[in-house]
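Here the structure is laid out as structure tokens; the discussion comes afterwards.
The values are calculated or read from the model by the stated rules, or taken from the named source; none is laboratory data. Fair warning: this is a prediction, and the values are worked out from it, not measured in the lab. Reconstructed Cβ throughout: ideal geometry from the backbone, glycine too, with neighbour counts over all protein chains shown.
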């Protein structure tokens, strides 16, 4: 995904591998954890297990559903 402004990534279930362009390290985000993507540019997010993630802009009126699992 292309990050043009600060975004919040939250792992609801499973685990995510995250890397950002020009960032010196990759990150593992597990269920219940979150990460703020602050660096502009390309970010790669890959599920390491079957899971669910939410992505949103940090604004009080824009928040992810607590449960984004398919019904």
Query raised in the report: Restricting the first residue to the range 1-17 and requiring it to be free of Cβ contacts under 8 Å to residues at least 40 places away in the same chain and on the phi > 0 side of the Ramachandran plot, which pairs with a second residue that is surrounded by 13 or more Cβ atoms within 10 Å (Cβ to Cβ) and part of a strand (DSSP E or B) meet a Cβ separation below 7 Å and a spacing of at least six or different chains?
Result: 14/47; 14/52
Report summary line: Just one listed residue, out of 43, 53, is outside any loop (DSSP other than H, G, I, E, B), under 18 Å from residue 1 (Cβ atoms), more than 9 Å from the chain's Cα centre (by Cα) and modelled with pLDDT of 75 or more, and it is 43
Report task. Go through (1) surrounded by fewer than 13 Cβ atoms within 10 Å (Cβ to Cβ); (2) modelled with pLDDT under 85 and name the single condition residue 36 misses. Result -> (2)
Requested in this report: Hey, can you tell me all the residues within the range 19-40 that are assigned to a loop (DSSP other than H, G, I, E, B) and in contact (Cβ under 8 Å) with a residue 12 or more places away in the chain?
Outcome: 21, 22, 23, 31, 32, 33, 38, 39, 40
